[in-house]
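Quick notes on the structure that follows.
Every number here is computed from the coordinates shown, using simple stated rules; none is lab data. Note that this is a predicted model, so its numbers are computed, not measured. Because the Cβ atoms are built from the backbone with ideal geometry, glycine has one as well, and the counts that use them run over all protein chains shown.
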Amino acid sequence: METKGIFEIRVSGTKGNESLSPENTDVKEIKAMLDNIEDILYPNQKDRPTISYAIEEGSVKHVFKVATQALIGLSANLEVVETNQSIDFLELKTAQAIERIQNIAYSKQYSFEIKTILSNKEHLFEVNPKTNYKRTLDLWVDSELYFYGEITNAGGKQKSNVHLNTEEFGTVIIDTPKEFFEKEEKNLIYRRYGFRVTAKQNIESGEFDKTSLKYLEMFPYSPKFDEDYLNKLIKKSTSKWKGIDADNWLRDMRGGYDA
C-alpha cells in the first residue's frame, strides 16, 4: 500500500464581521481550492493517485492525504519558490494555481498557510496580501504552433472554439472566431485536421499555455509529406527573416553550444 503524507492549507481572514470558518465558507470556494490542489500536486498527470480530503476548524483548514512521492517533490519546489521568490520554474498548471491563490489573497485579504507534513517533518509556505507570487510575463512570448488530431467538439454559444484531441497533448481547446463556423459547410466532428495557432510559449522551457491557443488556419490532416504546403509556408515567412543572419541567429539560440 502506498504511503501517504499530509498536505494542509489553512485559510485565515474575515467574511463580513465574522472570522472565516467552515460554516461560512461557500461551496464555490471549496471547489476552487480542490481544483487548485489538483494542479499543484499533479499538474500533468491524467491517472493520478487518490487524494482524500477533509475540511476542519482552525479558521478554515483544508486537509489532504496524498502520496508521499508527490509531497516530496512539492516540498522541494516550495522551498525553491520561497528562496527565489519566483514561480517561473514551476510547471505551468502549478504556477497558475499559486497565482490564483495569490489573487484570492489580494482580493479577499486572506492568508494561506500551506503546510506539507512528511514523517513528522513540516515545511510551511505562506501566500498572503503582502506576497507577490506571479509569473514573469517576459518569459512568455507569442509563438505559432501546429496541432494535429480529431475534432471532438466545435462551436459554442458565448465563446466559440474547437476541441481537438491530439496524441501528444490530449485535448486542446482552440479559440476560434464565429466567422470560421459560418463559412464552414461540412460537419467537422470526428474528422482529422491540422491547426496552425498562436499561443503563449515559455522561452526557457518551451512549454505552452493551453489556455492561450487562438486559431490561425485549419488544413486537412495528412501524415504524408506535403511539399507544396511547406513551400507556401516558407514563402510566407521569408519576409519576416529579412535582414537576419540565419547562422548568427542559430548560434544565439544554441547559447554557444555547437551541435
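Would you mind calculating the gained length between ALA54 and LYS108 on full extension (0.36 nm times residue separation, minus the Cα-Cα distance), in nm to one decimal? Walk me through the numbers on the way to the answer.
Details: separation 54, 0.36 × 54 = 19.44 nm, distance 2.27 nm.
This chain segment gains 17.2 nm when fully extended.
Write down the radius of gyration of region 4-132 and its Dmax, each obtained from C-alpha positions, in Å.
Just the Cα atoms of region 4-132 yield Rg and Dmax of 14.0, 42 Å.
Against the longest alpha carbon principal axis of the chain, how many degrees, from 0 to 90 and to the nearest 10, is the axis of helix 68-84 turned?
80
Dipole of the chain, Cα-centred, from +1 at each Lys and Arg C-beta and -1 at each Asp and Glu C-beta, to the nearest 20 debye? Mind dumping the intermediate values first?
On the way: 36 positive and 42 negative charges, 118 e Å.
Its charge dipole is roughly 560 debye.
Taking a virtual spin label 7 Å from the Cα of ARG100 along the C-beta vector, which residues in region 163-202 bring their backbone nitrogen under 17 Å of it?
The answer is 173, whose backbone nitrogens lie closer than 17 Å to the label point.
Using only the alpha-carbon atoms, how far is helix 92-108 inclined from the longest principal axis of the chain? Give it as 0 to 90 degrees, nearest 10.
Taking the Cα atoms of the chain, the angle to 92-108 is about 50 degrees.
How many nm separate the modelled label positions at GLU18 and GLN69, each set 7 Å beyond the Cα in the direction of the Cβ?
4.3
Points 7 angstrom from Cα along the Cβ direction at ASN84 and SER143: gap in nanometres?
With each label point 7 Å from Cα toward Cβ, the separation is 1.8 nm.
Applying the Karplus parametrisation 6.51 cos²θ - 1.76 cosθ + 1.60 with θ = phi - 60° to the phi angles of region 190-203, what ³J(HN,Hα) value in whole Hz is obtained for each residue in order, glycine and proline being reported as x?
3J(HN,Hα) across region 190-203, in whole Hz: 6, 9, 9, 9, x, 10, 9, 9, 9, 7, 7, 10, 6, 6.
List the residues, sorted by chain then number, that are 5 or more residues from LEU20 or on another chain and whose placed amide H is less than 5 Å from its amide H.
Result for LEU20 returns GLY13, THR14, LYS15.
Report, by chain and number, residues whose modeled amide H sits under 5 Å from the one on GLU207, excluding near sequence neighbours (fewer than 5 apart, same chain).
Answer set, sorted by chain and number: ASN202.
Name the residues whose placed amide hydrogens come within less than 5 Å of the amide hydrogen of TYR221, ignoring near sequence neighbours (fewer than 5 apart) on the same chain.
Those lying under 5 Å, H to H, from TYR221 are TYR193, GLY194.
If you keep only loop residues by DSSP, which GluC sites (Glu not before Pro) in region 153-183 have at most 14 other Cβ atoms within 10 Å of their Cβ? Could the numbers behind the result be given before it?
Details: sites: GLU167, GLU168, GLU179, GLU182; in loops: GLU167, GLU168.
Listed in order of number, the matching sites are GLU167, GLU168.
Would you mind computing, in nm to one decimal, how far apart the modelled labels at ILE117 and SER237 are, each placed 7 Å from Cα along Cα→Cβ?
5.3
Please determine, in degrees from 0 to 90 and to the nearest 10, the orientation of helix 27-41 with respect to the longest principal axis defined by the Cα atoms of the chain, where the helix direction is its Cα long axis.
It is inclined by approximately 70 degrees.
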